[in-house]
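Undergrad: Take this structure, written in structure tokens, and hold onto it; I'll ask about it next.
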Amino acid sequence: MTEQNLSPVEHLKTRSRGLRGTLAEGLKNQLTGQLSADDQQLVKHHGIYQQDDRDRRSERETKKLEPAYSFMIRLRLPGGDITPQQWLGLQPLLHENTTGILKITTRQTIQVHGVVKSKLKPTLQWFNKYGLDTIATCGDVNRNVMAGSHPATSAFHEEVHAFAVKISEYLRPKTKAYTEVWLDGERLDENAESEPDPLYQNRYLPRKFKVGIAIPPHNEIDIFTQDVGLIAIEENGSLAGFNVTVGGGLGCTHGNPVTYPRLADMLGFIKPDQVLDTVWQIAAVQRDNGNRSDRRQARVKYTIDHMGLEAFKADLESRLEFTLAAPRSFAFNSRADYYGWLQDHKNRWHYTLFIENGRVVDTPEYRAKSALDAIAASNLCKFRLTGNQNIMLLNVAAEDKAAIDTILESHGIIKTQAALMPIRTHAIACVALPTCPLALAEGQRYLPELLSKVEMLLEKYALTQDEISIRMTGCPNGCGRPYVAEIGMVGRSVGHYDLRLGGDRLGYRLNTVYKEGLDESSILSTLDSLLAVYARERMEDETFGDYCQRQLFAQTAR
């Protein structure tokens, strides 16, 4: 691709001196709460997004004030693991520097909102004090690596889960910009060349790059939505290797047919000792072949559709010292989290707490934040975040279960969680308004309210225990993975959503647009009619998504 055809962001990355830009200088300018336009792009690679409170835009504009700028910061937590000490260490920071709420993301990590520019550097230094960083959780690099969270699913779960950290470190950018800008590390000599980075070079990747690891039979990370997926294969009770998938991705743009959600293709099978090289070289193929002129066409999914899967695979294998074997058989039987206690093969216990839309807060009936703080202080377990925005308590000894149960019961967790309908505990929503600059509609603030009304419909048709998956996003970017839900709602404008139906319950199939731009009353009336017929006419063991696919879209597909 010629220099003239590169997008402005590509030019910016190559001249950024290893993602430094003018960040150090911009942080010192306290006359404005924002960073320069160029630095807003570069700071994403440091795990930070500039945002503003859109609820306050009109008020501040009337007063001739600049928008209420603040920053979202996302931690790097490969596989979702965080220690009790780190959890407790974050709490004082929340109240001093952020909105006070931890948000568990759909990529199995934590982000905080509302950090003003003057607090950015102290916040990242506080993270560092507890062994945490935000490197490469945003930007055109490998993002937070996901992994199946539930230890009871496999005897070799721990072996597989460890690959999340290995991949995260292996694909981590080599630039020292993060240390230099945020932690007062040694500055790069202005006359010296940037640090060599064999993978990212000085141009990084064309767009974001997401890796996930699934451990059958559980698929809570939606493996087929990842740029690169690794599906653990068991043979004779041991880890034989991984099936590799490529080309998943959900982001698209309303009204732009050349953008679309896509599920990954199966590429082949590799052994455990081939994982790091394979993932690295897939990123290199994307680096060299991805679209650098149009960022809306720059994900791996578009590279594969442009090159063809076989050409992509041939390029990959030309860089490897081995060829991929034929994929091995596997099967998924669940995607939702297993709530409550589970015991693994080592006789250790694990408990999953429901965290609605990933917002760790207290309500009068369900004091999740206080319970987690108390459990962390007890130091009787570790914490792990799940791809469904929940929290697991890991590796609890049998003799410690009663102590944790006492905390859970006293904070209303066990009783309240047991009474929730599956449609609520399986739901996912992105942040959306008021902070996300891409949001066209509400997400996490609105979905709980809408679910209460959908639950009334389920009661009406005796479907309260049906595990229907419902997901909502404030825009078509797909952060809440709405395109692989049985019911997906994608924001089109304030109060209006595209209603998508027909995804399956395990993540093998995309859903389809059923109606566009519906308001709440139209969504509810549409679901009311569909649920009535579903309850009356569904086949044995048929899910709502499968019913919609069969009745609404099968004829169109033929």
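Undergrad: Going through 332, 312 one at a time, which residue ends up being under 24 Å from residue 167 (Cβ atoms) and not in a loop (DSSP other than H, G, I, E, B)?
TA: Working: 332 fails: not in a loop (DSSP other than H, G, I, E, B).
One residue alone meets the criteria, 312.
Undergrad: Out of 185, 131, I need the residue that is at negative phi, out of contact with any strand residue (DSSP E or B) (no Cβ under 9 Å at 6 or more places or on another chain), surrounded by fewer than 17 Cβ atoms within 10 Å (Cβ to Cβ) and assigned to a loop (DSSP other than H, G, I, E, B). Which one? Spell out the reasoning first.
TA: Numbers: 131 fails: at negative phi.
After applying the criteria, what remains is 185.
Undergrad: A follow-up question, please. Identify the residue in segment 334-366 that is among the polar types (S, T, N, Q) and closer than 24 Å to residue 485 by Cβ and, among all such residues, is surrounded by the fewest Cβ atoms within 10 Å (Cβ to Cβ). Don't jump to the end; show me each part of the working.
TA: Here is the first cut: in segment 334-366, the residues among the polar types (S, T, N, Q) are 334, 343, 347, 352, 357, 363.
Going one step further and asking which of them are closer than 24 Å to residue 485 by Cβ, we end up with 334, 352, 357.
Details: 334: 16, 352: 23, 357: 22.
Across segment 334-366, the extreme among qualifying residues is 334.
Conditions (1) farther than 17 Å from residue 387 by Cβ; (2) outside the structural domain of residue 291 (by TED's automatic domain parsing), marked per residue:
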| residue | (1), (2) |
| --- | --- |
| 305 | yes, no |
| 311 | yes, no |
| 326 | yes, yes |
| 329 | yes, yes |
| 335 | no, yes |
| 357 | no, yes |
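Undergrad: Just the residues that are on the phi < 0 side of the Ramachandran plot and assigned to a strand (DSSP E or B), please, taken from segment 265-287.
TA: 265, 266, 267, 269, 270
Undergrad: Please give the helices (runs of 4 or more DSSP H) falling wholly within segment 1-117 in which 1 or more residues are touching a Lys or Arg at 6+ places or on another chain (Cβ under 8 Å) and either in the same structural domain as residue 175 (by TED's automatic domain parsing) or within 30 Å of residue 390 (Cα to Cα) (or both). First the steps, then the outcome.
TA: On the way: elements: 8-14, 23-28, 37-42, 57-62, 84-97.
Passing ranges, in order: 8-14, 23-28, 37-42, 84-97.
Undergrad: How do the pairs read when you match residues in segment 125-137 that are of a type in the set (Asp, Glu) with residues anywhere that are surrounded by 18 or more Cβ atoms within 10 Å (Cβ to Cβ), using Cβ under 9 Å and keeping only pairs 6 or more apart or on different chains?
TA: Final answer for the pair search is 133/47; 133/75; 133/76; 133/124; 133/127; 133/178; 133/182.
Undergrad: Do we find that residue 178 is surrounded by fewer than 19 Cβ atoms within 10 Å (Cβ to Cβ), at negative phi, at pLDDT 95 or above and of a type in the set (Phe, Trp, Tyr) in this structure?
TA: no
Undergrad: Oh, and also: For residue 164, only one of the following conditions fails: (1) under 18 Å from the mean Cα position of the chain (by Cα); (2) small (Gly, Ala, Ser); (3) assigned to a loop (DSSP other than H, G, I, E, B). What is its number?
TA: It is condition (3) that residue 164 fails.
Undergrad: Now for a different question. If I ask for residues that are out of contact with any helix residue (DSSP H, G or I) (no Cβ under 9 Å at 6 or more places or on another chain) and charged (D, E, K, R), which ones from segment 224-270 would you list?
TA: Matches in segment 224-270: 234, 235.
Undergrad: With the requirement that a residue be part of a strand (DSSP E or B) and either buried (at least 24 other Cβ atoms within 10 Å of the Cβ) or at pLDDT below 95 (or both), what does segment 219-233 give you? Let's see the steps before the verdict.
TA: Taking segment 219-233 and keeping what is part of a strand (DSSP E or B), we get 228-233.
Within segment 219-233, 228, 229, 230, 231, 232 meet the criteria.
Undergrad: Next question, about the same structure. In segment 389-406, how many are surrounded by fewer than 19 Cβ atoms within 10 Å (Cβ to Cβ) and of a type in the set (Val, Ile, Thr)?
TA: Selection size over segment 389-406: 1.
Undergrad: Right, another one. How about segment 236-251: which of its residues are touching a strand residue (DSSP E or B) at 6+ places or on another chain (Cβ under 9 Å) and either without any contact (Cβ under 8 Å) to a residue 60 or more places away in the chain or buried (at least 18 other Cβ atoms within 10 Å of the Cβ) (or both)? Show your work before the answer.
TA: Residues of segment 236-251 touching a strand residue (DSSP E or B) at 6+ places or on another chain (Cβ under 9 Å): 239-250.
If the condition is that a residue be touching a strand residue (DSSP E or B) at 6+ places or on another chain (Cβ under 9 Å) and either without any contact (Cβ under 8 Å) to a residue 60 or more places away in the chain or buried (at least 18 other Cβ atoms within 10 Å of the Cβ) (or both), then 239, 241, 242, 243, 244, 245, 246, 247, 248, 249, 250 are the ones that fit.
The values are calculated or read from the model by the stated rules, or taken from the named source; none is laboratory data. Fair warning: this is a prediction, and the values are worked out from it, not measured in the lab. A quick note on method: Cβ atoms are made from the backbone with ideal geometry, for glycine too, and the neighbour counts reach across all protein chains shown.
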